[in-house]
1. 7 Å from Cα along Cα→Cβ at both LYS74 and GLU36: what's the point-to-point distance in nm?
2. Each residue of segment 13-24 in order: what ³J(HN,Hα) in whole Hz does its phi give by Karplus 6.51 cos²θ - 1.76 cosθ + 1.60, θ = phi - 60°, with x for Gly and Pro?
3. If the chain between LYS99 and THR29 were fully stretched, how many nm would it gain, using 0.36 nm times the residue separation less the Cα-Cα distance?
4. Sequence neighbours fewer than 8 away in the same chain don't count; with that in mind, list the lysines whose C-alpha is under 26 Å from LYS47.
Amino acid sequence: MKRAILRGKPSWGYAQRILRDWNRKNINTVEQAQAEEVEFENYQSNKSNRKAASAPLPKWFEEEKRKPKPQEPKEQMSDEEKANKRAELEQFVKQYKTKGSVSQ
């Protein structure tokens, strides 16, 4: 059960799976269980190292990565739209300052 808790799996079912695994591997002593634990930890660390190692990326991928991304053109507002937006915002600020909140 201690091993299950240390692995972040504090359930009886997980502990039972460890015991079944030991039975299948014919582990009968504390020393054998400790040796298996070391073997398991080595396997886990090698497993994570294998995930980090991957095939080199193709040249075209690196070239695409370096290219600047096209920016979407921003919509241009007409002077009239700008004036309307400014008036709307000024009215919003005025309402907020006088009432403490904006009602819609």
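What follows draws every value from the coordinates through simple rules; no lab data is involved. Just so you know, these numbers come straight off a predicted model, no measurement behind them. Backbone-built Cβ (ideal geometry, glycine too); neighbour counts: all protein chains shown.
1. For LYS74 paired with GLU36, the spin-label model returns 6.5 nm.
2. x, 5, 4, 5, 5, 4, 5, 5, 5, 4, 5, 4
3. Here the answer is 17.5 nm.
4. Counting by Cα, and skipping residues close in sequence, LYS47 has these lysines nearby: LYS2, LYS9, LYS25.
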